[in-house]
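This report concerns only the one structure given below.
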Amino acid sequence: MWRQDGRLYGGSGPGSALGLARSVLRLNAINKYYQVGSHRLHVLRDVDAEIEDGELVSIMGASGSGKSTLLNILGILDRYDGGEYWLGDTLVRDLSETQAARYRNRFIGFVFQSFNLLPFKTALENVALPLYYQGVSRRARNRTAMQYLERVGLAEWAEHRPNELSGGQKQRVAIARALIGKPKIILADEPTGALDSATSLQIMDLLGEIHASGMTVIVVTHEAEIAARTQRVIRLRDGKIEAAA
Amino acid sequence: MFSADRWYEVLSTLGRNPLRSILTALAIAWGIFMLVLLLGMGRGLRNGTEKAFADDAANSVWIFGGSTSQPHAGLPVNRRIVFDNGAYDALRGVDGVDKLTGRFFARGAMWGNELQTRVGAKVSSFDVRSVHPDHQHLEKTIVVAGRFLNDRDLAEKRKVTVIGEPVAEFLWGHTDVIGQTLAISGVSFTVVGVFTDEGDAGELRKLYIPITTAQLAFNGADRVNMLMFTVGDKGVGETAALVEEVKALLAERERFHPADPQAARIRNNLEQYATFQEIFWILELIIGGLGALALVAGIVGVSNIMIVAVNERTREIGVRKALGATPTTIVGTILQESLFLTTVAGYLGLVAGVALLEVVSSLVPASEYFANPQVDLQVALIANGVLIAAGAVAGFFPALTAARLSPVVAMREGA
Ligand SMILES: Nc1ncnc2c1ncn2[C@@H]1O[C@H](COP(=O)(O)OP(=O)(O)O)[C@@H](O)[C@H]1O
Ligand SMILES: [Mg+2]
């Protein structure tokens with residue numbers, strides 16, 4: 001019911017290949033270790049997952065179960081040690097820093113628990129930042145950023161800096177920033193973790209709208225209420241996927 | 001790469017912490033300022049010395065008669081050695097002696113040869129030099145009217161003189177004086193030339209007369225008190241060998257021990273000049289080294305401050321990377337920041353240094369030790385290159401730090 005089959009993603013560039021695959025991303029037996037002193041911490045154990053184009057999925061699990069690690073791998077912010085990660089029909093492995101940056105810029109929008117807005121930039125400039133790295137002119141990207149701020153209901157806050165915004169407003173700005181590059185996937189790591197419950201629901205509504213517009217959204221959370229608002233829940237325990245709910 | 005957008009980013013980053021940016025800039029400005037100042041001062045020292053040498057031919061050798069300090073051939077010590085026309089003729093025949101002149105001291109010593117010079121009621125004492133025609137080349141005398149002394153003047157013991165411009169000015173009030181007569185110690189001489197000289201004013205208050213005329217007029221017999229010659233384009237080593245040869249020749253003629261250091265006093269200007277050049281080269285090197293150290297301190301300062309700045313911006317850089325900033329972009333921005341800061345600050349230092357040198361130059365009169373401190377185009381260009389290199393070097397480590405940042409780790413920091 002949520003799916004909008006046959007929806008076409010941006011017709012040109014390396015992204016077009018992504019549109020061809022039905023699953024927007026696929027994980028085959030992903031393993032990830034962290035070296036902590038002399039100890040080798042096995043954080044992700046043979047994680048298999050497939051997420052389809054236009055899905056709204058949550059990843060749940062206790063603190064320390066590996067949710068963020070998994071999301072960072074999906075966002076090409078971190079490397080993995082074994083298995084295969086397919087983003088569309090591209091195998092994400094051994095990418096150079098530059099390639100990784102390009103993929104992030106084009107295909108992935110991030111929303112973080114701590115917002116990660118640049119404090120010295122206005123809301124508008126923060127939203128426009130991904131377009132700067134796409135080489136869009138200042139004027140064009142500010143115009144686009146304004147449209148996205150309108151979309152999250154913050155047009156009149158465009159010239160304010162993050163420290164003048166409430167937590168909910170900051171997260172809206174961050175969502176606008178995640179959307180502006182027209183990514184394939186929105187990755188949100190505990191996007192409501194720093195917000196009160198009323199604001200949390202507003203943010204989840206916003207993510208729901210984004211999903212309704214046809215975008216793939218993956219939300220990491222440890223709150224059942226949040227997970228309940230998604231189509232599918234992937235549960236992690238000690239780095240292993242539990243049977244699907 | 002150096003787009004207006006990038007500039008906006010760079011300037012707004014620098015503007016976020018203006019005090020730190022200014023302090024960083026000062027470190028570099030100070031370094032370049034010191035470099036320019038020290039190099040300019042070094043140049044001033046050298047200019048001063050070269051001025052001192054410009055007066056005389058640098059490739060010349062001067063020989064004065066002295067007194068023997070060693071007994072030789074049955075002759076006692078403390079015997080006064082005075083050369084004569086024969087010595088001059090003997091040196092003429094030595095291969096390698098280029099321009100050669102003797103000087104006869106009417107009063108027997110190098111200094112105090114002022115003789116009363118008169119035209120009508122105008123009387124003063126001027127230094128009168130009794131020389132051979134080649135003397136012109138040894139003192140770099142520049143004849144501005146008429147001619148210098150020539151061989152016929154000497155052969156015929158003519159009573160002719162070549163006078164300095166101030167002498168003409170004093171005696172006649174102008175320098176159009178060829179053919180005029182003046183009296184030196186009551187002996188009448190005809191002016192055949194007027195000269196000027198690159199040396200100081202003292203070199204101009206002189207009259208040149210033929211040595212043969214002087215020997216005759218002032219009871220000089222055939223005495224020659226001083227011999228001077230140039231060595232052409234010989235090097236320091238060859239000149240030293242030539243000096244030994246000449247000394248041996250004179251020792252044999254005047255019968256003093258060839259190794260007697262007192263019998264003939266020799267001043268080898270080439271050797272002195274070479275020594276001076278070497279000293280000043282080393283001095284400039286040391287001075288330049290000190291300036292470079294000041295600059296290196298500035299570069300290290302900028303680099304350190306920028307590493308601190310990058311560390312402070314760890315989270316920001318992490319976020320930017322997550323949003324799609326490539327390492328190249330990050331490195332480029334930081335290098336540009338560094339280059340911008342160092343070049344702007346560096347030019348301020350350069351201008352301040354040059355300005356101060358100009359002030360020093362106008363306040364301190366040129367002397368034998370210090371003249372016209374300056375930064376020439378070459379030094380300015382070097383400083384320019386050094387600046388850009390400094391900016392790149394200063395930005396290198398901070399940029400590398402930033403490029404290596406992992407966005408995951410960076411964003412976790414202080415979250
Ligand atoms: N950079 C790291 N170095 C070492 N251990 C890490 C690092 N990041 C995460 N971990 C560890 O990996 C495990 C999973 O962490 P994480 O993915 O952040 O869990 P979650 O997001 O589910 O709370 C935890 O035990 C955590 O301590
Ligand atoms: Mg987490």
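The values are calculated or read from the model by the stated rules, or taken from the named source; none is laboratory data. As the structure is a computational prediction, the values presented were derived from the model and not from experiment. A quick note on method: Cβ atoms are made from the backbone with ideal geometry, for glycine too, and the neighbour counts reach across all protein chains shown. Only protein heavy atoms, including side chains, enter the accessible area calculation; ligands, DNA and RNA are left aside. Shrake-Rupley method; radii C 1.70, N 1.55, O 1.52, S 1.80 Å.
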Original post:
Amide H to amide H under 5 Å from B:Lys140: which residues, 5+ apart in sequence or cross-chain, H placed 1.01 Å off N in plane?
Top reply: B:Ala57
Original post:
In debye to the nearest 20, how big a dipole does region B:60-267 give about its Cα centre with +1 on each Lys and Arg Cβ and -1 on each Asp and Glu Cβ?
Top reply: 720
Original post:
Tell me, what ³J(HN,Hα) does each residue in region B:151-167 have, in order and in whole Hz, if you take phi through Karplus 6.51 cos²θ - 1.76 cosθ + 1.60 with θ = phi - 60° and put x for Gly and Pro?
Top reply: 4, 5, 4, 6, 4, 8, 6, 5, 9, 10, 8, 10, 10, x, 3, x, 5
Original post:
From the backbone phi of region B:353-363, what are the Karplus-calculated ³J(HN,Hα) couplings (6.51 cos²θ - 1.76 cosθ + 1.60, θ = phi - 60°) in whole Hz, Gly and Pro given as x?
Top reply: x, 5, 4, 5, 4, 4, 4, 4, 4, 7, 8
Original post:
Which cross-chain or sequence-distant (5 or more) residues have an amide H under 5 Å from the amide H of B:Val224, H modelled 1.01 Å from N in plane?
Top reply: B:Phe83, B:Asp84, B:Asn85
**OP:** With the full set of protein chains in place, find how many percent of the accessible area of chain B is carbon and sulfur; take the probe as 1.4 Å.
**Re:** 60
Original post:
What list of ³J(HN,Hα) values in whole Hz, one per residue of region B:137-144 in order, does the Karplus curve 6.51 cos²θ - 1.76 cosθ + 1.60 (θ = phi - 60°) give from phi, with Gly and Pro shown as x?
Top reply: 6, 6, 9, 6, 6, 10, 7, 9
**OP:** Sequence neighbours fewer than 8 away in the same chain don't count; with that in mind, list the aspartates and glutamates whose C-alpha is under 13 Å from B:Lys140.
**Re:** B:Asp55, B:Asp56, B:Asp197, B:Glu198, B:Asp200, B:Glu203
Original post:
In percent, how large is the relative contact order of region B:60-267, given Cα pairs closer than 8 Å and 6 or more residues apart?
Top reply: 35
Original post:
About its Cα centre, how strong a charge dipole does chain B have in debye, to the nearest 20, once Lys and Arg get +1 and Asp and Glu get -1 at the Cβ?
Top reply: 740
Original post:
Along the charge dipole of the protein assembly as shown, Cβ charges K/R +1 and D/E -1, which of B:Ala366, B:Val236, B:Ile81 sits furthest on the positive end?
Top reply: B:Ala366
Original post:
What is the dipole size for the protein assembly as shown, taken about its Cα centre, with +1 at each Lys and Arg Cβ and -1 at each Asp and Glu Cβ, in debye to the nearest 20?
Top reply: 1340
**OP:** Within 10 Å of each Cβ in peptide A:116-122, how many partner chain Cβ atoms are there on average? Round it to a whole number, please.
**Re:** 4
Original post:
If you count, for each residue, the other Cβ atoms within 10 Å and average over each peptide, how do B:135-147, A:170-182 line up from highest to lowest?
Top reply: A:170-182, B:135-147
**OP:** Could you order B:Phe148, B:Phe218 so the one with the most accessible surface comes first? Probe is 1.4 Å.
**Re:** B:Phe218, B:Phe148
**OP:** Among the listed pairs B:Lys122/B:Lys157; B:Lys99/B:Lys234; A:Lys121/B:Lys321; B:Lys99/B:Lys159; B:Lys206/B:Lys234, give every one whose C-alpha distance is greater than 21 Å.
**Re:** B:Lys122/B:Lys157; B:Lys99/B:Lys159; B:Lys206/B:Lys234
Subject >> Charge-dipole axis of the protein assembly as shown as Lys and Arg at +1 and Asp and Glu at -1 on Cβ define it, positive-most pick from B:Pro18, B:Gly186, B:Leu405 >> reply: B:Leu405
Subject >> Between 0 and 90°, nearest 10: helix B:377-404 axis offset from chain B longest Cα axis >> reply: 20
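Obtain the radius of gyration and the Kirkwood radius of region B:60-267 from its C-alpha atoms and give Rg over Rh.
1.00
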Original post:
For chain B, modelled as a Gaussian network with Cα springs under 10 Å, which listed residue fluctuates most, B:Val236, B:Val128, B:Val359?
Top reply: B:Val359
**OP:** Could you tell me the total accessible area buried at the A-B interface, probe 1.4 Å, in square angstrom to the nearest hundred?
**Re:** 2200
Original post:
Roughly speaking, what is the centre-to-centre gap between region B:33-47 and region B:270-326 when only Cα atoms are used, to the nearest Å?
Top reply: 19
Subject >> MRE, 222 nm, helices only [DSSP H, n ≥ 4, -39500 (n - 2.57), over chain B, to nearest 500] >> reply: -18000 deg cm²/dmol
**OP:** Counting helices only, and only those DSSP H runs with n ≥ 4, report the 222 nm mean residue ellipticity of chain A as the sum of -39,500 (n - 2.57) divided by its residues, in deg cm²/dmol to the nearest 500.
**Re:** -10000 deg cm²/dmol
